[in-house]
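Enquirer: Please see the structure below; I have some questions.
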Amino acid sequence: MPYLRVALDVPLPRLFDYRLDIATSADIGRRVVVPFGTRRLVGVVLEIVEQPDYDVAAIKSAEAVLDDMPALSPALLGLFRFCADYYQHPIGQVLHTALPTRFRDSTVFRVAEALRYVAVDSAGLLTSLPKRAALQLRLAKLLAIPRNEAELRAAGGTAWKTVQAWLEAGLVVAQVVQVAPGVAAQGPQLNGEQAEAVAAISTSEGFAAFLLNGITGSGKTEVYLNAIAAVLARGQQALVLVPEINLTPQLEGRFRQRFPGVDIVSLNSGVADGERAAGWVRAARGEAGIVLGTRLAVFTPAPGLGLIVVDEEHDASFKQQDGLRYSARDVAVYRARQAGIPIVLGSATPSLESWQNAESGRYRRLHLGLRAVAGAQPPTLRLVSTKRQPLSEGIHASTLAAIRERLERGEQSLVFLNRRGYAPVMHCGECGWMAACTRCSARMTVHLRERQLRCHHCGEEDGLPRVCPGCGNQDMKPLGQGTQRLEDMLAEHFPKARVLRIDRDSTRRKGSFETALNAVHAGEVDILVGTQMLAKGHDFPNLTLVAVIGADNGLYSADFRASERLYAQLVQVAGRAGRADKPGEVLLQTDFPEHPLYQALLADDYAAFAAGELAERKLAGFPPFLYQAVLRAEANQLDEALGYLRNAIHLAPASDAVTVWDPVAASMMRLASRERGQLLVQSTARTRLMAFLSEWMLALRAQKPTKVRWALDVDPLEL
Ligand code: ADP
Ligand code: ZN
Ligand code: ZN
C-alpha cells in the first residue's frame, strides 16, 4: 500500500505520512485533505513511498485527494523546496504562502475552461448593425478575432450582455483555447537601443539574466512588450512582476491593448480571492499567455514559461517582511535558471546587488539612455540650497516662485514630501517634552485635521494635548513639516490655486485614489502635494514642476541602504516632471548641495553613484560583498529577547566562515508594545552561510517552545 508524504501548514520543517488505498504518481503535487491531531488540514502531496518513515500502525488515512487544481509540477515543487532551504522556512508553510487563499481550505474550487468568442462572420455582422449603435459596432469589430470575456466586458456598458445575445443567435461562437494566440498589436517603432535590447533577450538561449538599466521614459516597458510578443508567438508564457504600487489599470490596459485575445491573468492584492484562484488555474493549464502580478505572482504555475520580467527590480516591496521572508526578485532569478529561460530585471536605478552582478558579468547589462518619445527631454534638475536660508514654512522663495510661474502658465506642480500628517513632532518649547507613542520607540505624528496624535508604526491614536504634560505650558507647537501642513501653507500662499494632497490619509476610502488621479488628469488641480504614493507609475502630461522637500532626511542614516533608496526615490519622483511635450523642471531643496549623492543625481550618473556606493560597501564589508541573515526575536521585555538570542549563539554550529555578531536591540526597539532584538550573522561564502543556517535552525527548532517570538530573515533589507 502506498503512503503519501504530505506538506502541511505547520511550523515544522518536515513532511507527514498518510495512507491512501490507491495512489499514483499523478497525485504528486495535488491537494489532499488529512486528519492532523483533532483538526483536518489541507496539504500538498510531495512524494509517494512504499515504506513510511514512521510506525505503520500509527499512520492515519488521508481523506481525499482533490483534483480541482492542476497538480503542481515537479519544477514548481522544486522552486518551493528551494525557498524552504534558502529561507529556512518549513516546506508546508512555503506552499501555504504560495497557494491562492481559495486553495488553502478543503472546499473544492473548479475553474471552467477559458473560452474565447469570435464572430462567425464579422463583416456581415458589422453591416447588419444600425449606424448609430456605437457599442455594438465596436464589439463587432473586436469579435473579428477571438476575444476573452475580460476584453469584451472592457468594451463597456452592456457589452457582455450583447455578446451573449449574439451567442444565442448563433452570430458568435465560443471556443475553448489551450494556447494563447500570439498576435501582437503594432507598437511604436523601436529605437536603436530598444531594438538591441529586445534582440539580445529574444535571441538568448537557456538561462540568461539581463539588467535593463534605462532612464525614466526610455521605453523599458516597450522592451518588455516586444520581448513578450516573441515569447507568445512561440506559444510560450510570460511572467511579469511589478511592485504593488506600479500595477495600475493603465499598465494592465497597455498589456491588454498590445495583446488582444491573449488571456492576461492579473494577480495582486486588489483581485478577489476567487478570481485570483481562477487566474492561477488558467496559468497552470497554460491557457494564460501572460501573468502580470506583484510579489506573490512569482509562485504562479506556468508550464510553458518562456520569459520572466521584473519591473523596478530595485523596489523593496519585492521582499516580504514576515512569514516566508522571500525576495520575489531573487526567487524569480532562481526560477528562470531552473527553467532555462531569460529573465529581464528592469530599473532606472538598479539595486546595488544587481548592479554588482552586472559588473561581475553574471548579468548582462542593457542600457537605454534616451527618452523614447521623439524630442522628449529629461527634466532639468536644480538644487536649491537652503543652507543658512530662513524658510517660510519649509519652502524656499525660489521654489515658491517656480510654482507661481506654473500657475501663470496654467501648468501643474507637484510638491513632494515623503511624510504624511501635519508635523512629525508635538513639542514643548519650555521643557522640551515631545509626544511619544506609549507602545513604540517612536514619536507621535501630529494630525491637525483630525485633531489627533497618531503613531505611524502601530496605529495608536491620542487626542492633541492642550497643555504640556511635562510642565503645564499652554503653548505647544507642532514641529517640522508634514504634507497636511504643506497643503495649508500652499493654500494660504496661493489662495486662487487648487491644491490637492494625495497621501495615505487622503486616500483611505476605496476609490478615492483613482478619483484624485482623475482630478489631476482632468486639470482640476494646480498644485499637488504628495508622498511616495505619487512617485511611481503615474503620468501627468501637464505637470512640469516637481519640488522635493525634506530629501536630506535620507542622507545621513545609520542604514547603509538609505542612500541607495533615496537616489531611487528621487529619480522616480523626478520622472513625474514633463513626460509629454513640455519640458519639466525638478527643484530639490537641500542643506547639502555639495553632497556626492546630489552631485551624481545632477549629472544623471547612476553608474558613478553606484561605483561610489559599492566601493564604500566593499571597504566596510556590507552586501553585496558578503551575505547576511538576521535572527529577530521579540518579547514583552527586551531582556527576554536578547536572552533568547544569547542562547541562540550557544546553539550556533562552529564555522570559520561565518561571523556571528552580538545581539543588539532593533533600531526601532519597541513596536506595538513588543520589544525587539536581533542577531546578525554574515559570511563571504554563500554556501557556507546556508549550511550554517540550516544546522543552526535545526538546533533552534529542537528547543523547548518559548514565549519569545523569533524568525530568521535571510538577505534582510533592513537591519
Ligand atoms: P519606461 O518604462 O522606461 O518608463 P515606457 O516604455 O513607459 O518607458 O515609455 C515611455 C513612453 O514612451 C510611453 O508613452 C511609450 O509609449 C513611449 N515609447 C516607448 N518606446 C517608444 C518608441 N520607440 N517610439 C515612440 N514612443 C515610444
Ligand atoms: Zn513642557
Ligand atoms: Zn506606536
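Enquirer: Any residue in segment 193-208 that is assigned by TED's automatic domain parsing to the domain that holds Ala238 and farther than 27 Å from Ala374 by Cβ sitting within a Cβ distance under 9 Å of a residue that is open to solvent by 20 Å² or more (accessible area, probe 1.4 Å) and part of a loop (DSSP other than H, G, I, E, B)? List the pairs, counting only those 6 or more apart or interchain.
Expert: These pairs meet every condition: Glu205/Gly340; Gly206/Gly340; Phe207/Gly340; Ala208/Tyr363.
Enquirer: Out of curiosity, is Arg110 at pLDDT below 90, more than 25 Å from Met697 (Cβ to Cβ) and assigned to a loop (DSSP other than H, G, I, E, B)? Outline the logic, then answer.
Expert: Values: at pLDDT below 90: yes; more than 25 Å from Met697 (Cβ to Cβ): yes; assigned to a loop (DSSP other than H, G, I, E, B): yes.
In short, yes.
Enquirer: Oh, and also: Using the structure shown, decide if Lys141 is outside the structural domain of Val34 (by TED's automatic domain parsing) and outside any helix (DSSP H, G or I). Working first, answer last.
Expert: On the way: outside the structural domain of Val34 (by TED's automatic domain parsing): yes; outside any helix (DSSP H, G or I): no.
Judged against the criteria, Lys141 is not a match.
Yes or no, residue by residue, for (1) open to solvent by less than 40 Å² (accessible area, probe 1.4 Å); (2) closer than 26 Å to Asp526 by Cα; (3) away from ligand 1 (no atom under 16 Å from the Cβ):
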site: Arg382; (1), (2), (3): no, yes, yes
site: Thr445; (1), (2), (3): yes, no, yes
site: Gly463; (1), (2), (3): no, no, yes
site: Cys471; (1), (2), (3): no, no, yes
site: Gln481; (1), (2), (3): yes, yes, yes
site: Asp488; (1), (2), (3): no, yes, yes
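Enquirer: Continuing with this model, one more query. Give just the number: which of (1) without any contact (Cβ under 8 Å) to a residue 12 or more places away in the chain; (2) of a type in the set (Asp, Glu); (3) within 16 Å of ligand 3 (Cβ to nearest atom) does Glu408 not satisfy?
Expert: (3)
Enquirer: Right, here's the next one. Which condition from (1) away from ligand 2 (no atom under 16 Å from the Cβ); (2) buried (at least 22 other Cβ atoms within 10 Å of the Cβ) is the one that Cys455 breaks?
Expert: The one condition Cys455 does not meet is (2).
Residues are listed down the side, and each one gets a yes or a no for (1) among the aliphatic types (A, V, I, L, M); (2) within 16 Å of ligand 3 (Cβ to nearest atom); (3) under 23 Å from Leu490 (Cα atoms):
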position	(1), (2), (3)
Asp539	no, no, yes
Ala547	yes, no, yes
Tyr556	no, no, no
Phe560	no, no, no
Val573	yes, no, yes
Ala577	yes, no, yes
Pro583	no, no, no
Leu587	yes, no, yes
Pro596	no, no, no
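Enquirer: Looking at segment 575-600 only, could you name the residues that are open to solvent by 20 Å² or more (accessible area, probe 1.4 Å) and of a type in the set (A, V, I, L, M, F, W, C)?
Expert: Residues of segment 575-600 that are open to solvent by 20 Å² or more (accessible area, probe 1.4 Å), as a first pass: 579-583, 585, 591-596, 599.
Passing the criteria: Ala580, Phe592.
Enquirer: Here is a follow-up. Looking at Ile649 and the list (1) without any contact (Cβ under 8 Å) to a residue 60 or more places away in the chain; (2) β-branched (Val, Ile, Thr); (3) more than 29 Å from Ala711 (Cα to Cα), which single condition is not satisfied?
Expert: (3)
Enquirer: To continue, here is another question. From the list Ser413, Ser398, which residue is assigned to a strand (DSSP E or B) and closer than 25 Å to Leu588 by Cα?
Expert: Numbers: Ser398 fails: assigned to a strand (DSSP E or B).
The unique qualifying residue is Ser413.
Enquirer: Mind listing just one residue for me: the one in segment 215-258 that is over 23 Å from Leu517 (Cβ atoms) and in a loop (DSSP other than H, G, I, E, B) and, of those, nearest to the chain's Cα centre (by Cα)?
Expert: Ile215
Enquirer: Then there's this: Of the conditions (1) within 23 Å of Phe255 (Cα to Cα); (2) out of contact with any strand residue (DSSP E or B) (no Cβ under 7 Å at 6 or more places or on another chain), Thr127 satisfies every one except a single condition; which number is it?
Expert: (1)
Enquirer: Could I ask something else about it? Is there a residue in segment 301-313 that is out of contact with any strand residue (DSSP E or B) (no Cβ under 7 Å at 6 or more places or on another chain), modelled with pLDDT of 95 or more and of a type in the set (D, E, K, R)?
Expert: Looking through segment 301-313, none of the residues is out of contact with any strand residue (DSSP E or B) (no Cβ under 7 Å at 6 or more places or on another chain), modelled with pLDDT of 95 or more and of a type in the set (D, E, K, R).
Enquirer: Hey, which of the strands (runs of 3 or more DSSP E) in segment 1-100, taking only ones fully inside, have at least 2 residues that are over 28 Å from Glu275 (Cα atoms)?
Expert: Working: elements: 3-7, 16-19, 31-36, 39-49, 64-66.
Of the strands (runs of 3 or more DSSP E) lying wholly inside segment 1-100, those with at least 2 residues that are over 28 Å from Glu275 (Cα atoms) span 3-7, 16-19, 31-36, 39-49.
Enquirer: Among the candidates Cys458, Cys468, which residue alone is near ligand 3 (Cβ under 8 Å from one of its atoms) and not assigned by TED's automatic domain parsing to the domain that holds Met489? Before you say what the answer is, go through the steps one by one.
Expert: Numbers: Cys468 fails: near ligand 3 (Cβ under 8 Å from one of its atoms).
Exactly one residue qualifies, and that residue is Cys458.
Enquirer: Also, quick follow-up: Given the conditions (1) out of contact with any helix residue (DSSP H, G or I) (no Cβ under 8 Å at 6 or more places or on another chain); (2) of a type in the set (Asp, Glu); (3) on the phi > 0 side of the Ramachandran plot, report the number of the one that Asp715 does not fulfil.
Expert: (1)
Enquirer: Here's a follow-up. Is it the case that Ala123 is assigned to a loop (DSSP other than H, G, I, E, B), at negative phi and among the small types (Gly, Ala, Ser)? Walk me through it before giving the result.
Expert: Numbers: assigned to a loop (DSSP other than H, G, I, E, B): no; at negative phi: yes; among the small types (Gly, Ala, Ser): yes.
Criteria not met by Ala123.
Enquirer: Residue check: is Ser441 hydroxyl-bearing (Ser, Thr, Tyr), open to solvent by less than 30 Å² (accessible area, probe 1.4 Å) and touching a Lys or Arg at 6+ places or on another chain (Cβ under 8 Å)? Break it down stepwise before answering.
Expert: Working: hydroxyl-bearing (Ser, Thr, Tyr): yes; open to solvent by less than 30 Å² (accessible area, probe 1.4 Å): no; touching a Lys or Arg at 6+ places or on another chain (Cβ under 8 Å): yes.
For Ser441, the condition - hydroxyl-bearing (Ser, Thr, Tyr), open to solvent by less than 30 Å² (accessible area, probe 1.4 Å) and touching a Lys or Arg at 6+ places or on another chain (Cβ under 8 Å) - is not met.
Enquirer: In segment 222-252, which residues are under 27 Å from Gly511 (Cα atoms), open to solvent by 30 Å² or more (accessible area, probe 1.4 Å) and within 12 Å of ligand 1 (Cβ to nearest atom)?
Expert: Going through segment 222-252, the residues under 27 Å from Gly511 (Cα atoms) turn out to be 240-252.
With the extra rule that they be open to solvent by 30 Å² or more (accessible area, probe 1.4 Å), the set shrinks to 244-245, 249-250, 252.
Of everything in segment 222-252, just one residue is under 27 Å from Gly511 (Cα atoms), open to solvent by 30 Å² or more (accessible area, probe 1.4 Å) and within 12 Å of ligand 1 (Cβ to nearest atom), namely Gln250.
Enquirer: Related question: Which strands (runs of 3 or more DSSP E) does segment 609-698 wholly contain that include 3 or more residues that are surrounded by fewer than 17 Cβ atoms within 10 Å (Cβ to Cβ)? Spell out how you get there, then give the answer.
Expert: Numbers: elements: 627-635, 658-660, 664-671, 674-683.
Correct list: 664-671.
Enquirer: Kindly list the number of the only condition in (1) modelled with pLDDT under 95; (2) surrounded by fewer than 22 Cβ atoms within 10 Å (Cβ to Cβ) that fails for Leu267.
Expert: Result: Leu267 passes all but (2).
Enquirer: Filter segment 279-301 for residues that are under 21 Å from the mean Cα position of the chain (by Cα) and open to solvent by 20 Å² or more (accessible area, probe 1.4 Å) and give the result. Walk me through how you get there before you give the answer.
Expert: Keep residues of segment 279-301 that are under 21 Å from the mean Cα position of the chain (by Cα), which gives 279-280, 283, 290-301.
Once the filter is applied, which keeps residues that are under 21 Å from the mean Cα position of the chain (by Cα) and open to solvent by 20 Å² or more (accessible area, probe 1.4 Å), segment 279-301 yields Arg295, Leu296.
Enquirer: Scan Ser385, Ser354, Ser413, Ser360 and give me the residue that is more than 30 Å from the chain's Cα centre (by Cα) and not basic (Lys, Arg).
Expert: On the way: Ser354 fails: more than 30 Å from the chain's Cα centre (by Cα); Ser413 fails: more than 30 Å from the chain's Cα centre (by Cα); Ser360 fails: more than 30 Å from the chain's Cα centre (by Cα).
None of the other options fit; the residue is Ser385.
Enquirer: Name the pairs: first residue in segment 433-446 and among the polar types (S, T, N, Q), second residue open to solvent by 10 Å² or more (accessible area, probe 1.4 Å) and not in a strand (DSSP E or B), Cβ to Cβ under 6 Å, at least 6 apart or on different chains?
Expert: Thr445/Pro424; Thr445/His456
Enquirer: Restricting to segment 206-232, give me the number of residues that are under 21 Å from Ala150 (Cβ atoms) and out of contact with any strand residue (DSSP E or B) (no Cβ under 7 Å at 6 or more places or on another chain).
Expert: Counting residues in segment 206-232 that are under 21 Å from Ala150 (Cβ atoms) and out of contact with any strand residue (DSSP E or B) (no Cβ under 7 Å at 6 or more places or on another chain) gives 3.
The values are calculated or read from the model by the stated rules, or taken from the named source; none is laboratory data. Predicted model, so just to flag it, every value in this text is computed and none were measured. All Cβ positions, glycine included, derive from the backbone under ideal geometry; neighbour counts span all protein chains shown. Each accessible area value is taken on the protein alone, full model and side chains, heavy atoms only, with ligands, DNA and RNA left out. Shrake-Rupley method; radii C 1.70, N 1.55, O 1.52, S 1.80 Å.
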